[in-house]
Amino acid sequence: MGLTIMVVGLGVIVSGLIDLVHSDSDTLVLLLTGSVMSVVGGLLWRSTITPSRIRVLDVFSAVTITWIVIAVAGAVPYILTGHFERWDDALFESISGFTTTGATVTPDIEATSRGLLFWRSLTQWMGGMGVIVLVVAVLPTVGSGGMSLMQAEAPGPTGERLTPRVRETARRLWAVYIGFTVVLAAAYAAAGMSVYDAISHSFTTVSTGGFSPYQSSLGHYQSAEIEWIAIVAMFLAGGSFTLYYRALRSDVKPLLVSTEFRIYALVVAGATLWAYVTAGRGEGSGTGFRDALFTMTSTITTTGYVTTEYGLWSQAAQALILILLPIGAMAGSTAGGVKILRVMAVSSFAHREALKHLHPRLVRPVRVGRGILSDDVAGKVVGFLVLALVIFGGGSFFIAATGPDMITSFSASATSFGNVGPGLGALDHGGDFLAIPRPGRAIAMVQMLLGRLEIYPVILALSVVTLRLPRPGQLRRKSHH
């Protein structure tokens with residue numbers, strides 16, 4: 001936790017230096033805030049005695065608590081610079097940033113200082129690959145709990161070692177992530193963005209976060225070249241970084257034969273075709289192929305960039321967006337959502353159970369591509385999706401109870417839990433979460449964290465707290481003695 005706070009503090013200092021370069025008004029506040037965070041985080045880190053072995057339950061507790069702490073720490077610059085007057089607004093923006101959701105309650109983005117906007121983008125970049133994965137990469141010793149930390153915090157349903165050493169695996173993943181960011185920033189700059197805009201947008205594209213320094217997102221540029229670069233980058237960011245690393249090491253076969261990657265590409269292609277053909281039906285407004293491809297890629301990868309008024313599309317096209325919001329892209333990507341891999345696993349499980357009605361003695365494994373899942377793992381995946389449906393449905397109900405209409409409530413729940421950002425109804429291309437009442441935004445914040453940490457770490461962390469709290473009977477016995 002201490003090292004993570006220190007990393008966040010360094011990010012605030014960098015944002016202050018950016019503000020200084022652009023001669024904006026928040027330089028001193030950002031530099032002082034970042035310095036205090038770095039010192040506090042460093043002291044916590046250096047005073048911690050790391051055990052040789054870390055229990056799995058403690059790992060989940062540490063991950064969940066650390067995410068809550070960095071969300072609070074990330075909100076401090078928004079408050080001290082006067083960007084927000086209320087803590088809940090600052091916390092919403094911070095959680096949305098670190099979870100790479102991209103939902104905002106900033107009424108006028110372009111009136112914000114460059115340093116604070118850079119911090120806003122940097123939170124998504126740090127949260128994309130995972131702040132704790134970065135900590136694992138640099139922590140001198142994480143004992144036997146290193147892989148558990150990565151599995152609990154890294155995006156995707158499975159953790160995979162690229163090397164026998166966990167620290168080296170984390171470093172290689174971050175190396176791919178940083179390299180991708182640098183190449184994309186250069187591409188954006190070559191297409192006409194300023195250096196500041198190119199770096200900011202590379203942060204939020206690679207992380208599939210979607211924050212932009214402009215109110216109209218990437219639509220601000222009205223540039224086909226920039227949009228095509230973003231489409232390719234978003235699609236790649238929705239793929240597995242582990243497979244990319246292997247491909248860069250001349251082992252392209254795992255990527256080419258990946259069933260999940262093929263289905264991911266087919267989902268993007270099919271959704272684009274559906275939107276392109278149906279957008280203008282009925283009372284809807286038609287769309288060009290590039291706008292359809294951009295919007296669907298942005299939705300499926302949970303990036304949330306906007307270039308067109310998709311809220312004017314037909315009901316059929318918007319219904320597909322609502323379905324895709326909580327699904328997400330590949331496991332091991334920076335995208336949010338439940339991931340295509342889980343959908344594949346549950347489909348195979350459901351197919352097997354259906355066949356068992358015809359052949360009760362059937363012995364058939366649950367398959368995901370060429371791999372086979374044990375019944376234990378398959379059961380966990382099914383359990384995860386059941387919990388996801390409960391969180392999505394319950395969130396929709398409680399958000400609706402705060403006032404918004406049904407479409408807005410459903411899309412607010414889906415876009416929060418899926419870590420997407422934009423939604424439908426009052427949250428469409430031109431909307432933001434200011435349309436949701438404060439109690440509804442509180443529910444959305446919880447859903448963002450549950451979506452980013454993929455439910456189980458939060459539940460297990462709560463179970464640890466519950467187990468360690470003494471029962472009323474125990475308290476009475478202790479007081480009696």
Report the number of Lys pairs in the chain whose alpha-carbons are under 28 Å apart, with separation of 8 or more residues or on distinct chains. 4
Quick check: the distance between the Cα centres of the range 59-102 and the range 310-345, to the nearest angstrom? 25 Å
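Quick one: dipole size for the range 287-413, taken about the Cα centre, charges +1 on Lys/Arg Cβ and -1 on Asp/Glu Cβ, in debye to the nearest 20.
Working: 10 positive and 6 negative charges, 145 e Å.
Magnitude of the dipole: close to 700 debye.
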Kirkwood calc, the range 214-309, C-alpha pairs only, radius in angstrom 14.5 Å
From DSSP H assignment alone, runs of 4+ in the chain each adding -39500 (n - 2.57), the sum over residues rounded to the nearest 500 puts [θ] at 222 nm at -21000 deg cm²/dmol
Percent relative contact order for the chain, counting Cα pairs under 8 Å at least six residues apart, stands at 16 percent
Taking 7 Å along the Cα-to-C-beta vector as the label spot, tell me the ARG53-ALA319 distance in nanometres, rounded to one decimal. 5.5 nm
What residues have an amide H closer than 5 Å to that of VAL368, excluding those fewer than 5 places away on the same chain, when H is modeled at 1.01 Å from N in the peptide plane? LEU373
Give the label of the value calculated from the structure for Cα extents along the principal axes in Å, choosing from (1) 76, 73, 53; (2) 89, 60, 45; (3) 107, 55, 45. (1)
Shape call, the range 307-370: gyration tensor on alpha carbons, a/c limit 1.5: oblate
How far apart, in nm, are two points set 7 Å out from the Cα along the Cα-to-Cβ line at ARG167 and at TYR214? 4.4 nm
Within the chain, what is the longest stretch that has no trypsin sites (Lys or Arg not before Pro) placed in a DSSP loop and near at most 14 other beta-carbon atoms within 10 Å? 371-481
Which one, ALA442, LEU460, SER217, is farthest towards the positive end of the dipole of the chain when Lys and Arg carry +1 and Asp and Glu -1 on their Cβ? LEU460
In debye to the nearest 20, the charge dipole size for the chain, taken about the Cα centre with +1 at each Lys and Arg Cβ and -1 at each Asp and Glu Cβ, equals 2540 debye
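Read-outs throughout are calculated quantities, based only on the coordinates presented, and are distinct from any laboratory measurement. Values in this document were obtained by computation on a predicted structure and should not be read as measured data. Don't worry about glycine lacking a Cβ; one is built from the backbone with ideal geometry, like all the others, and counts go over all protein chains shown.
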